[in-house]
Amino acid sequence: MELDEYQQRAVDTTHFKLKEDNGKFITLMGLAGEVGELATEYKKQLRDGEGYTVFKDKLTEELGDILWYLSAIAEHEDLKLNDIAESNLHKTEDRWKDNAILSSSDLLDKDYPLNEQIPRTFSVTFEEVIHEDQQKYISVTWDEGAFGDHLRDNSYDTDFYRFHDVFHLSYAVILGWSPVVRGLMKKKRKSISKIDEVEDGGRAVVIDEAISSLVFENAKKHSYFINQQVVDYSLLRTIKELTKHLEVSIKTGKDWEMAILLGFSLWNKLKVHNGGVMHCDLINRTMTFEEKIGTTYE
C-alpha cells in the first residue's frame, strides 16, 4: 500500500471536522497520547519480559494509531505522507550516509587542467618561527612553497587557532573543496571566469573561513571534539545553508561531519606537538600526522 493511499483511507474514518482549528489540537493531543501508550507497552515488555506474549500485537496496534494521527495532521496541513517520507529519507541519508572512498571522477575539479586542480596527494608543514619583532608565529608551507602568511591566534587568549589551516585541509581532503586551500596553492580555476569568480573567488573564501571559525566556536563547547563521533545537526544544517549556492552543496552532512572531525583530530595533535606535517590524500580521503620537533609556544 502506498502511503498516500493509507492517508486517504485513514482520514475517511475521521469522526470530527479535521479541517477546523479544533481538528489540529485534537490530532496533536491524540498523537501525544498514542506515543505515551507506545512507551507503556515497552514498559510492560521490560517488566514482564517473555511473559508479555502480546507485545508485538500491541506494538503493531500503537504504531498503527500513531500513523493514523500522523496522517490526520498531514491532511490538516495539506501535506502528503509520500512527500514527507521522501523528504525525511533525503534528510537522513544526507546526515548519515557515508560516501566512503572517492574516485578521481568524483572530485569537483576533475574536468579542469592539472594546474587548476587541488593536488591529489601533498604534504603541509606547520612549524614555529620567530620574527624580527621577537614574536612567535606559525609558518605553514607545502610541497611547492609557502602556504599563506605566518599565523598567530589573533585572540586575547591562547586558543591555538593559529593551526586552523588544518581545517581547510580537511575540507579539501574529505570534500574535495576549499577555496582557501585552492587560493593558497594558486590553483584557482581561471580557465572559466565565472567559476574563478563564484567558486574560487573572495566570497567563497570568506564562507570557507567563516565555516572554520563557526565550527571552532562550536568545538569549544564540546572539548574540541576529542573522542567524539558526531557533530550537532544544527551546525551541519547551518553549513549546508551557507554553501547551498556553491558546488560543494552536493556533499552531504555526513561528509561535512567527517571533514570536521578529521580536522579537529589532527588540530589536537598539532596543539600537543606545537606543529607537525600533514600528509593529505584526496582520493582515499585520508590525512595523517607526522611529528616535527619544535619549540614551545607560550
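None of VAL180, VAL205, VAL215 is among the hydrophobic types (A, V, I, L, M, F, W, C), in contact with an Asp or Glu (Cβ under 6 Å, 6 or more places away or on another chain) and farther than 22 Å from GLU290 by Cα except VAL180. Being in a helix (DSSP H, G or I), without any contact (Cβ under 8 Å) to a residue 12 or more places away in the chain and within 22 Å of GLU2 (Cα to Cα) holds for only one residue in GLY49, GLY33, GLY64, and it is GLY64.
Can you pull out every residue in the stretch 73-83 that is touching a residue at least 60 places away in the same chain (Cβ under 8 Å) and part of a helix (DSSP H, G or I)? If the condition is that a residue be touching a residue at least 60 places away in the same chain (Cβ under 8 Å) and part of a helix (DSSP H, G or I), then ALA74, GLU75, LEU81, ASN82 are the ones that fit.
Go through the stretch 9-56 and give me each residue that's polar (S, T, N, Q) and surrounded by fewer than 14 Cβ atoms within 10 Å (Cβ to Cβ).
Applying the first criterion (polar (S, T, N, Q)) to the stretch 9-56 yields 13-14, 22, 27, 40, 45, 53.
Correct list: THR13, ASN22, THR40, THR53.
A residue that is on the phi > 0 side of the Ramachandran plot and at pLDDT 95 or above can be found somewhere in the stretch 185-207.
Per-residue answers, yes or no, for (1) under 13 Å from the mean Cα position of the chain (by Cα); (2) touching a residue at least 40 places away in the same chain (Cβ under 8 Å); (3) more than 20 Å from PRO179 (Cα to Cα):
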{"site": "ALA210", "(1), (2), (3)": "no, no, no"}
{"site": "GLN228", "(1), (2), (3)": "no, no, yes"}
{"site": "THR238", "(1), (2), (3)": "yes, no, no"}
{"site": "LEU242", "(1), (2), (3)": "yes, no, no"}
{"site": "HIS273", "(1), (2), (3)": "no, no, yes"}
{"site": "MET278", "(1), (2), (3)": "no, yes, no"}
{"site": "MET287", "(1), (2), (3)": "no, yes, no"}
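On the basis of being closer than 12 Å to ILE73 by Cβ and of a type in the set (Gly, Ala, Ser), does ALA10 make the cut? Yes; evaluated as a whole, the condition is true for this residue.
Quick check on the stretch 176-193. Is at least one of its residues surrounded by 17 or more Cβ atoms within 10 Å (Cβ to Cβ), under 15 Å from LYS110 (Cα atoms) and of a type in the set (Gly, Ala, Ser)? Checking the stretch 176-193: at least one residue is surrounded by 17 or more Cβ atoms within 10 Å (Cβ to Cβ), under 15 Å from LYS110 (Cα atoms) and of a type in the set (Gly, Ala, Ser). Checking TYR161, TYR171 one by one, the residue that is under 28 Å from the mean Cα position of the chain (by Cα), within 15 Å of MET278 (Cβ to Cβ) and of a type in the set (Ser, Thr, Tyr) is TYR171 and no other.
Selection within the stretch 67-95: residues that are acidic (Asp, Glu) and surrounded by fewer than 16 Cβ atoms within 10 Å (Cβ to Cβ). The member of this set that is modelled with the lowest pLDDT is GLU93. Tell me, yes or no, whether the stretch 46-64 has at least one residue that is within 30 Å of TYR233 (Cβ to Cβ), in contact with a Ser or Thr (Cβ under 9 Å, 6 or more places away or on another chain) and either not assigned by TED's automatic domain parsing to the domain that holds GLY253 or not small (Gly, Ala, Ser) (or both). Yes, the conditions are met somewhere in the stretch 46-64. The number of residues in the stretch 85-98 being assigned to a helix (DSSP H, G or I) and touching a residue at least 24 places away in the same chain (Cβ under 8 Å) comes to 5.
Could you count how many residues in the stretch 163-198 are of a type in the set (D, E, K, R) and free of Cβ contacts under 8 Å to residues at least 60 places away in the same chain? First the steps, then the outcome.
Our first condition is that a residue be of a type in the set (D, E, K, R); within the stretch 163-198, this holds for 165, 182, 186-190, 194, 196-197.
Subsequent filtering for residues that are free of Cβ contacts under 8 Å to residues at least 60 places away in the same chain retains 165, 186, 194, 196-197.
Qualifying residue count for the region: 5.
For the stretch 40-94, the tally of residues that are within 34 Å of the chain's Cα centre (by Cα) and over 29 Å from LYS17 (Cα atoms) stands at 7. For the stretch 141-158, taking the residues that are free of Cβ contacts under 8 Å to residues at least 40 places away in the same chain and not in a loop (DSSP other than H, G, I, E, B), the one that is surrounded by the fewest Cβ atoms within 10 Å (Cβ to Cβ) is identified as GLY145.
Annotation: of all residues in the stretch 244-261 being surrounded by fewer than 21 Cβ atoms within 10 Å (Cβ to Cβ) and part of a helix (DSSP H, G or I), the one that is nearest to the chain's Cα centre (by Cα) is LYS254.
The values are calculated or read from the model by the stated rules, or taken from the named source; none is laboratory data. All values derive from a computational prediction rather than experimental measurement. Note: ideal-geometry Cβ built from the backbone for every residue, glycine included; neighbour counts use all protein chains shown.
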